[in-house]
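Just below is one structure, and these are the notes that go with it.
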Amino acid sequence: MRFPFTVRDDIPLYLAPMAGVSESPFRRLCRRFGADVVVTEFLSAEGIRRENAATLDKLRFGSDERPIGVQIFGADPVAMGDAARLVTDVFQPEFIDINFGCPVKKVVRRNGGSGCLKDLSLVESVIRSVSSSTHLPVTVKIRSGWSEEARVPVEIALRCQDAGAKALALHPRTRTQMYSGRARWEEIAAVSAALEIPVIGNGDIKTAEDAVRMQRETGCAAIMIARGSFGQPWIFDQTRALLEGKPKPDAPPIERRFEIALEHAHMAEEYEIDPRGAAIEFRKHLGWYVKGVPGSAELRRKLHAVESLLEVEDVFASYLANPHRYDDARVVAAMGDEGDEVEAAPAAA
Ligand SMILES: Cc1cc2nc3c(=O)[nH]c(=O)nc-3n(C[C@H](O)[C@H](O)[C@H](O)COP(=O)(O)O)c2cc1C
């Protein structure tokens, strides 16, 4: 299946667009760990065309992130076209992606994101306007419909293709579902069978095995991973190995995980203008990196209080010097924490 930009031609692995997560440092890290394509978080077309400083700041990316798509959202075809033109002229990504999937109230209230799915002629107008404003390929990311009653993924996908979309990612939930229920992979299969353009499967991939299973069950041309990459960017390398029939590489041991987390934190610190803000913003990633390690509740509590990278280094060093202190059952009891600690207990024994 031909992609509209240069990419490995078997089954490309995408890091999904994710607000507050798929920022430049994480995108670079995931590229290093085997993601073939990355996409920016969604950016408002209005913000771009008005050259809002905070929005434009999020458009910065490095050459090591390519191929990269810039994702834009909005319900005004003219504004979307203007935004695409500016992104093309100034930032020159490999493709422009249109968000028709965001379920957040603030966005759908103005018919942006999945709000567009209530009016498929609007979806077409937006795609046509963006396509005529850029020489870059235009791709789309959709949900299966606005609501259960309007759950028509194949119809939506065909209309996107007819309007000029060059690839389509499907997260097979409706807007009403938000993130509840399960992603219906059978809809990815149906859309893949109906379209001539590449279809990228997305939704509920938590492990490399899930990714391979989705591809085998749906025949999708590419695989897109969002939450499954949190704290484990190596999921891409693991998926690639399984797709090639090789054994799955083990997840890195704790010491290496901490090194990766620190590398990522350094990249974030370099990228962000305000170092304290960067450390605070980075806390969520730290929580994800330590998920499942013995004593993670106590570790997470410490990491969620850091205000600098130096403090992160100290917390990791102190953990590695004495991991058992973190397993202390009294600490766990005092924290009132259950899940993670129960899960981690056998490893600590
Ligand atoms: C924190 C977060 C932010 C997201 N932001 C975006 C976004 O900016 N654009 C978009 O198209 N989808 C966004 N999504 C949706 C994901 O790209 C993806 O479609 C969804 O999480 C399902 O995939 P998963 O099960 O692999 O997480 C976001 C999801 C999460 C969890």
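The values are calculated or read from the model by the stated rules, or taken from the named source; none is laboratory data. Model, not experiment: these values are computed from the prediction. In this analysis, Cβ positions are derived from the backbone assuming ideal geometry, glycine residues included, and neighbour counts consider all displayed protein chains. For accessibility, only protein heavy atoms count, side chains too; no ligands or nucleic acids. Shrake-Rupley method; radii C 1.70, N 1.55, O 1.52, S 1.80 Å.
Using 0.36 nm per residue and subtracting the Cα-Cα separation, the extra length available between F91 and E244 on full extension is 51.7 nm. With the simple spin-label model, which puts each label point 7 Å out from Cα in the Cβ direction, the V154 to M178 separation comes to 3.1 nm. Multiplying the residue separation of K118 and E255 by 0.36 nm and subtracting their alpha-carbon distance yields 44.4 nm. Shown for the chain: the carbon plus sulfur share of the solvent-accessible area, taken with all protein chains present and a 1.4 angstrom probe, equals 52%. The alpha-carbon atoms of the range 82-240, seen along their principal axes, cover 41, 38, 32 angstrom, with the largest extent given first.
Compared with the dominant principal axis of the Cα atoms in the chain, helix 208-218 is inclined by about 20°.
How do D36, D204, D89 rank by accessible surface area computed with a 1.4 Å probe, from largest to smallest?
Values: D36 20, D204 40, D89 105 Å².
Final ranking, largest accessible area leading: D89, D204, D36.
Rounded to the nearest 20 debye, the dipole magnitude of the range 76-137 is 380 debye, with +1 charges on Lys and Arg beta carbons, -1 on Asp and Glu beta carbons, and the Cα centre as origin.
Going by average Cβ neighbours within 10 Å, how do the peptides 184-192, 276-284 rank, with the highest at the top?
Working: 184-192: 21.0, 276-284: 16.0.
Answer by packing, highest mean first, reads 184-192, 276-284.
Note on the range 131-256: dipole from Cβ charges, positive end direction compared against S131, A163, Q215; the farthest Cα belongs to S131. Using the 1.4 Å probe convention, the accessible area of the chain works out to 43 Å² per residue with neighbouring protein chains retained.
Between helix 309-321 and the chain there is an angle of about 50 degrees, using the helix long axis and the longest principal axis of the Cα atoms. Here the range 22-39 and the range 184-255 have alpha carbon centers that stand 15 Å from each other.
How do T6, T218 rank by accessible surface area computed with a 1.4 Å probe, from largest to smallest? Numbers along the way, then the final one.
Details: T6 125, T218 10 Å².
The ordering from most to least exposed comes out as T6, T218.
Summarising the label geometry, the points placed 7 Å from Cα in the beta-carbon direction at N322 and E281 lie 3.5 nm from one another. Taken over the alpha carbons of the range 188-253 as equal point scatterers, the Debye sum produces base-10 log I(q)/I(0) values at 0.23 Å⁻¹ of -0.94.
Placing +1 on the Cβ of every Lys and Arg and -1 on the Cβ of every Asp and Glu, with no other charges, gives the chain a dipole of roughly 760 debye about its Cα centre. Lys-Lys pairs in the chain that are eight or more residues apart or on separate chains and whose Cα atoms lie under 23 Å of each other come to 21. Relative to the first principal axis of the alpha-carbon coordinates of the chain, what is the inclination of helix 275-289, with its axis defined by its Cα atoms, in degrees from 0 to 90 and to the nearest 10? Long axis of 275-289 versus the principal axis of the chain: about 80 degrees. Under the simplified labelling scheme, the H266-R301 pair shows an inter-label distance of 3.1 nm, with each label point 7 Å from Cα along Cα→Cβ.
Just so you know, the averaged projected area of the alpha carbon convex hull for the chain sits at 17.6 nm².
Among the GluC sites (Glu not before Pro) within the range 1-84, those in coil by DSSP and having at most 12 neighbouring Cβ atoms inside 10 Å are E51.
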